[in-house]
Structure formats: C-alpha cells, structure tokens
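The values are calculated or read from the model by the stated rules, or taken from the named source; none is laboratory data. None of the values given here were measured: they were computed from a predicted structure. Cβ placement follows ideal geometry from the backbone for every residue including glycine, while neighbour counts extend to all protein chains displayed. For accessibility, only protein heavy atoms count, side chains too; no ligands or nucleic acids. Shrake-Rupley method; radii C 1.70, N 1.55, O 1.52, S 1.80 Å.
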Amino acid sequence: MKKHKLSLVVLAGGLGSRFGGNKQIAAIPGLNCTIMELSITDAYRAGVTQVVLIINQAVRSEIEHTILPRLPKALDVVLVEQHNALVPDAYKALSQQRIKPWGTGHALLCAKAYINNPAIVITADDYYGASSFLLLSEHFKNSPEWAMVGYPIINTLSEHGGVNRGVCSIADGKLVAVTEYLNIQKESAHIVGNNPQGLREKISRDALGSMSFWGITPCFFDYLQQGFETFLQQYNANTQQEYYLPDQIQQAINVKAQPVFVYTAKEPWFGVTYKSELTSIAATLCALRQA
C-alpha cells in the first residue's frame, strides 16, 4: 500500500432518512457538485494525497460515474462500503437483523486497512471551509498527536429553532471533554441549551462546538476496534444504538492515552440535515467559493 503523508477519510455511508435520500450525492444548486467534493478539493489543496470514501452500496454507482471523474486526477481515491456485516465473527448474528448502520465509529473503522499515516476525518454533508484543512495539515507537519477543529457555537446556531451541539471543554489548548447540549439557541443576550441532566444552562459565547472535524493517527484504529467489540457485547440485535466516533476519542482522552489539540475554525460551518437546507445555503456557498 502506498505511503501518504496525509489522508482524508470522508464518512458518507449514512442513509439520509431525514433528508429524504442520499444527501452525500446531492448537488449544490448553482455549483453542480456535492458538499463533499468541495471538502475533498480543499483537502487536496492543503496537501492531502489520499481520500478514503466510506459509502453505502446505494450510492456507489453514482459516485463512480459522476463524482470521481470531477475530483483532482492526482488523488488516490479508495471507495469502501460500510456493511453491517463487517463485525468480528463472534457477533455476526447481531448484524443479520440490523438495518440502520452501526454509526460513525464503525464507519471510520471500515477505513482501517487503508490508513497508515495521519488522516483528517470529516462527514460528507458538512461544509468546513478551506482554512480548516490547512490548520490540520500544518498541525501534522509539526506534531504526531491527534487534533480537531472546533467551530464557535454562536456561528452554528439556526434561525429555525434549537440545535444540538457537542460543546468543547478545553484546557491548555487541548480537548478535555465534549458535552452534548440539546436545543441550543439565543435567548435575549445569552446562548442557552439543555445540559445532559436536562437543565437549561447558559453556554459561553466563546464556546467551541465539535462539528466532526478530527485529525487522527493509525493508532486510533486500535481504540476503535476494541471499543466496537465492547459496544457489541452490550447490545442485542434489536438495539438501535449507534457506535459513535466522538465517544471513542473521549475514551482515549479519559485514560490519558492521547492529547487532542484544538484549533479554532476561521470560516463558517454549514451542515445539511434536510433537503430545504441545501437550497438555503447554496447562495452562501456559491459566494464563498467564488470569493
């Protein structure tokens, strides 16, 4: 397997149930490309030479025939299908009744055989901005440690109602914890959200949110493998629980195995959950890309 200085893993295997289809292949009106193509191009310009796309079988043909020909020719692109049956042999029976994917932790684990160098990990339906890829590219030139780019919570709120965000606790430039807050929105002069105990609580205007922009090294896959087996031991075939990537990063932090350096994004983040949101952010993305 060819050695790369920096790779990009794009988690694009979700089913997009709330979107009403496979949003990872939905074109942005006016740009005639997908959000993940913008991210891949930004990553390539930042020094990424390998892209591993974690996909579901339903989108493979569209990606191969429409999206791959539009990507930079010099990129080494690998397509990996995320199947529920990709579990240790002892748990094959658990996967047979499973319809929903196992989650983002399992999706990244599917890339294990193809990553032998530092990698940036993103989701396909989030727009992160070109400078965020540059931040982690520079980080890995100077450090072997994990990293993340956090986005100011205040810039990720919605005019249409409350949002759920992982709020970062940071000390000495490193991640301590990501705490999930629900229904975050502005109320008067404050940002407030429901903490894990369900209580309404003020959130600092300077707080950063984790929007799934991670920098990892190959050793993380060992944590993912061990964590996934522990996850499978806890649940039966009827569970709809998912194995989440951030939980495993948190676990590594908790056992003091890995520091995670935190960088503050310099550009806005845009996420797409519903089809209407893709149309509403299209003009903004067009302006950003043509600036």
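Could you grab me the full set of residues in region 224-280 that are modelled with pLDDT of 90 or more and among the aromatic types (Phe, Trp, Tyr)? Those that are modelled with pLDDT of 90 or more and among the aromatic types (Phe, Trp, Tyr): Phe228, Phe231, Tyr243, Tyr244, Phe261, Tyr263, Trp269. Kindly indicate whether Val176 is at pLDDT 95 or above, within 21 Å of Ala43 (Cβ to Cβ) and open to solvent by 20 Å² or more (accessible area, probe 1.4 Å). So Val176 does not fit the description; no. The set of residues in region 212-223 that are at pLDDT 95 or above and in a strand (DSSP E or B) comprises Phe213, Trp214, Gly215, Ile216.
Conditions tested, residue by residue: (1) free of Cβ contacts under 8 Å to residues at least 24 places away in the same chain; (2) under 22 Å from Leu182 (Cβ atoms).
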residue	(1), (2)
Glu201	yes, yes
Ser212	no, yes
Gly215	no, no
Pro218	no, no
Gln240	no, yes
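Do we have any residue at all in region 158-166 that's of a type outside the set (Ser, Thr, Tyr) and either modelled with pLDDT of 95 or more or in a helix (DSSP H, G or I) (or both)? Scanning region 158-166, I find no residue that is of a type outside the set (Ser, Thr, Tyr) and either modelled with pLDDT of 95 or more or in a helix (DSSP H, G or I) (or both), so the answer is no. Restricting Val80, Val59 to those that are farther than 18 Å from Cys33 by Cα and open to solvent by less than 20 Å² (accessible area, probe 1.4 Å) reduces the list to Val80.
Scanning region 236-272 for residues that are exposed (fewer than 15 other Cβ atoms within 10 Å of the Cβ) and among the small types (Gly, Ala, Ser) yields Ala237, Ala257. Among the residues of region 195-227, the ones that are more than 27 Å from Trp102 (Cβ to Cβ) and not small (Gly, Ala, Ser) come to 10 in all. Annotation for region 178-192: no member residue is in contact (Cβ under 8 Å) with a residue 60 or more places away in the chain, in a helix (DSSP H, G or I) and either farther than 23 Å from Ser280 by Cα or out of contact with any Leu (no Cβ under 9 Å at 6 or more places or on another chain) (or both).
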